[in-house]
Every structure is written in C-alpha cells, then in structure tokens.
1. Given the conditions (1) in a loop (DSSP other than H, G, I, E, B); (2) touching a strand residue (DSSP E or B) at 6+ places or on another chain (Cβ under 8 Å); (3) in contact (Cβ under 8 Å) with a residue 60 or more places away in the chain, report the number of the one that Leu67 does not fulfil.
2. Within the range 18-27, can you find the residues that are of a type outside the set (A, V, I, L, M, F, W, C) and either in a helix (DSSP H, G or I) or touching a helix residue (DSSP H, G or I) at 6+ places or on another chain (Cβ under 6 Å) (or both)?
3. Can you find even one residue in the range 56-67 that is open to solvent by less than 40 Å² (accessible area, probe 1.4 Å), of a type in the set (A, V, I, L, M, F, W, C) and at pLDDT 90 or above?
4. Restricting the search to the range 110-134, which residues are assigned to a loop (DSSP other than H, G, I, E, B) and open to solvent by 60 Å² or more (accessible area, probe 1.4 Å)?
5. Kindly indicate whether any position in the range 316-327 is more than 30 Å from Arg230 (Cα to Cα), within 27 Å of the chain's Cα centre (by Cα) and not small (Gly, Ala, Ser).
6. For the subset of the range 146-182 comprising residues that are among the polar types (S, T, N, Q) and over 21 Å from Leu98 (Cα atoms), which member is surrounded by the fewest Cβ atoms within 10 Å (Cβ to Cβ)?
7. Of everything in the range 285-325 that's in a helix (DSSP H, G or I) and among the hydroxyl-bearing types (Ser, Thr, Tyr), which residue is most open to solvent (accessible area, probe 1.4 Å)?
8. Determine, yes or no, whether Val30 is β-branched (Val, Ile, Thr) and in a helix (DSSP H, G or I).
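The values are calculated or read from the model by the stated rules, or taken from the named source; none is laboratory data. From a predicted model like this one, the values you see are computed outputs, not experimental measurements. Neighbour counts run over all protein chains shown; Cβ positions are idealised from the backbone, glycine included. Remember, those area values only see protein heavy atoms, side chains included, never the ligands or the DNA or RNA. Shrake-Rupley method; radii C 1.70, N 1.55, O 1.52, S 1.80 Å.
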Amino acid sequence: MKKIFAIVFKDTLVRFASPTEWLFFLILPVIFTVILGNATGVADSRVRLPIVDEAGTPLSAQMIAELQSSTAVRVEVTDRQTAVNDFNNRRSSAVLILPAGFELNNEAGASAEAQLMQQPNNLDALVAAQSVQTAATRVSSLAQTAALSVQSAEKIQPFKDEAARQAYFAAALEQAQQELADAPSRLTVVQGATPDTVQYDPNANASAGQLITWVFIPLIGLSSMFAYERQKGTLRRLMTTPTSRATFLIGTITGQVLTALVQMLLLVGVGILIMHVNWGNSPAALAIMLVASALAAAALGTMLGTFVKTEGQAGGLSTMLGMVMALLGGCWYPLELFPKLVGQIVHILPTTWAMQGLLDIVLRGGGVMQVLPEAGVLLGFAVLFFGIGVMRFKFE
C-alpha cells in the first residue's frame with residue numbers, strides 16, 4: 001500500500017509541476033461551462049425600451065405599467081441624460097420620454113403629449129413604436145372613461161374644489177383599469193398538450209457536459225504517461241525494483257482517478273454556486289456516477305496507452321478522442337437533436353452513458369436506482385478496457 005501511495009504522490013507532483021496544468025484543471029473548465037450555459041440559454045428577445053418619466057403622474061405610471069406588460073419590449077426606466085446618451089451611441093433603438101405635464105385634465109377629449117425617439121431604418125425601433133402606440137391607445141381609453149365618469153359625477157353633485165375633482169379622476173382611472181383587467185375574455189386559446197421530447201436546461205447541460213469533457217480528456221491522457229515512461233525506459237527501470245506490474249498500474253490509475261474526482265467535485269461546486277444547478281438532489285447517486293465515469297475514462301486511457309508508441313502520438317490522440325466522444329455523447333448538445341440513427345449508435349461510447357446518468361440526477365431528479373443502469377454500463381466499459389490494457393501492457 002505504501003508503494004501505491006508513493007506512486008500516487010509522485011504522479012500528482014509531476015502533473016501539477018507546471019502552472020499551466022491549473023489552467024486546464026480548473027480555469028478553462030469553469031470558463032467554458034459558464035459561457036456555454038449562457039450561450040445556449042434562451043435570451044430575452046424583447047426590444048429594449050428606455051423610458052424617462054419626468055411627469056410622475058398617475059397617467060405616466062399607467063403608461064409605464066402598460067408597456068411593462070408588453071411581450072414585445074423590455075422597459076428600463078432611467079433618467080433623460082442616460083437615455084439620450086444610449087440613443088446617440090446607438091445602444092438603444094428607441095427612447096420614450098414622458099415630459100412634465102404628461103397628464104389629462106378631467107375633460108373628455110383632452111390629450112397628453114409624449115416624445116418617442118427612434119433610430120432611422122431600424123426594425124427594433126418600429127417594434128417599440130408599435131408597442132408604445134398600443135399602450136397609448138389603451139391608456140387613452142382608460143383616461144377617457146375616467147373623464148366621462150368625472151363629468152357624470154359632477155352633474156349629480158359638484159366637487160368642492162379642483163383637488164377633489166382630481167382625486168375622483170384618479171380613483172375613476174384606477175377603477176377603469178381594474179374593470180378592464182377583470183373583463184371576461186372573448187377569445188379562447190387552446191394550447192396543444194403534446195409534451196416536448198427534448199428535456200433541456202442550458203445550465204444543467206453545460207455543467208454536466210463540460211464536467212465530462214474536461215475530466216475524460218486528461219484521464220484518456222493516461223496513455224501519454226505510459227508511452228512517456230516506456231519511451232524513456234523509466235518504466236523498465238522501475239520494474240527492476242520490488243514493484244509488481246499490478247502495483248504500478250494500480251498506483252498510476254488510482255492517482256489519476258482521485259485527481260479527476262477532485263476536479264469533478266470542484267466543477268460540481270461551480271455548477272451549484274454560479275449556475276444554480278441542482279447537483280445536491282441525490283449525493284449518493286452523484287457519487288456513484290462520478291466514480292463510474294472516472295473509472296471508465298481511466299480504463300480507456302490505460303487501454304489506449306498499450307496501442308500508441310510515443311508520448312506525442314498519445315497526447316494528440318487522447319485530445320481528439322476525448323473531444324469527439326464528448327461531442328457525440330451529448331456533452332455539448334442534447335442527443336435528441338441528433339438524427340435518430342446517430343443517437344442510437346453513440347450508445348457505444350462511455351460519454352453517452354455518463355451524460356445520461358448525470359442528467360438523470362440534475363435534470364430529471366433521479367436517485368440511486370435511476371442511475372444504476374448507466375453506472376453499470378460504465379463499470380462494464382471499465383472492466384473491458386482495463387482487461388485489454390492489462391493483457392497488452394508492455395515495458396518497452
């Protein structure tokens with residue numbers, strides 16, 4: 001056991017002797033995970049519409065509320081200088097200014113003026129203008145209703161003063177808005193109940209996919225370690241010591257698997273803290289999948305190390321193989337988006353089963369029983385690859 005720990009310690013020191021190893025161990029995986037999670041998510045496609053409210057009246061508040069409920073524009077209330085600067089620098093396609101005095105008196109037919117600035121020949125500006133027009137029509141209808149209510153009330157009993165008249169108008173405007181909101185719908189919308197066959201969450205897929213990608217590649221890279229030591233003759237010299245072949249293999253593989261598990265746990269932590277991925281749904285199931293995935297990848301690297309001849313050949317082949325397996329295994333895109341035949345064929349890859357098991361946990365809320373089939377397949381891959389690697393293992 002001391003020899004195994006010594007080999008593990010030696011391999012860890014050698015691996016992290018170079019500062020660039022940390023770049024591939026943690027920094028790049030985190031960056032790619034966050035970027036892919038954001039890039040493949042569903043962005044807010046509404047047109048940004050800065051609004052300057054210099055009136056501060058019930059009418060301006062009603063106008064802003066109507067636009068905030070729009071599905072076409074995304075309202076941002078700001079000050080005039082910021083809004084105009086954004087418009088002049090073409091960071092916004094339109095700006096709506098509600099100036100001081102943007103209010104209606106209590107007379108039917110009264111009007112209020114607002115200013116809409118639009119970029120020329122801009123489709124987003126046209127969308128914003130149409131949304132403002134729709135909101136203005138709705139607010140105008142409510143205001144006219146409130147004004148007519150004031151006139152009717154005044155015929156019954158005159159108001160004491162203008163303040164009482166304005167207060168009644170504001171209450172009537174609020175009541176008209178409530179009545180309109182409570183009005184029964186004349187349109188019945190029937191939405192199809194066909195379930196979406198693609199279960200996809202950008203953060204969950206990115207976190208699980210990049211975890212597999214960045215852990216599988218170094219573990220497959222075990223082949224370059226074996227090729228290097230065989231090429232330099234250090235492996236044969238090591239075998240002249242009282243160290244058996246089994247001890248060497250167990251020590252080397254154990255060290256890389258433990259390092260991979262640490263990397264996996266760090267990336268899981270990043271997924272929880274930064275991307276709010278529910279990795280804690282079943283810690284036992286997660287532990288099973290992480291260990292099974294690491295063993296399958298390490299076994300593949302062990303087997304590959306018996307076929308390659310040089311360290312350079314092993315490094316290039318392990319990177320290419322890891323990337324291709326990650327892509328085809330659904331680590332970058334959901335397997336449901338692949339052609340049906342391809343989606344069936346790629347089940348010969350361990351990355352497919354690793355990704356499926358991790359998504360069972362984080363996306364479908366599965367526990368130990370749900371991931372046992374995937375973990376079993378991965379352990380089967382590990383036994384097969386280890387068996388071939390041990391049988392073909394050579395000192396030279």
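1. (1)
2. Result: Thr20, Glu21.
3. Checking the range 56-67: at least one residue is open to solvent by less than 40 Å² (accessible area, probe 1.4 Å), of a type in the set (A, V, I, L, M, F, W, C) and at pLDDT 90 or above.
4. Ser111, Glu113, Pro120, Asn121 - these are the residues of the range 110-134 that are assigned to a loop (DSSP other than H, G, I, E, B) and open to solvent by 60 Å² or more (accessible area, probe 1.4 Å).
5. In the first step, residues of the range 316-327 are kept if they are more than 30 Å from Arg230 (Cα to Cα); the result is 327.
Going one step further and asking which of them are within 27 Å of the chain's Cα centre (by Cα), we end up with 327.
Pick out the ones that are also not small (Gly, Ala, Ser) and you get 327.
Within the range 316-327, one or more residues are more than 30 Å from Arg230 (Cα to Cα), within 27 Å of the chain's Cα centre (by Cα) and not small (Gly, Ala, Ser).
6. Gln157
7. The extreme case among them is Thr319.
8. yes
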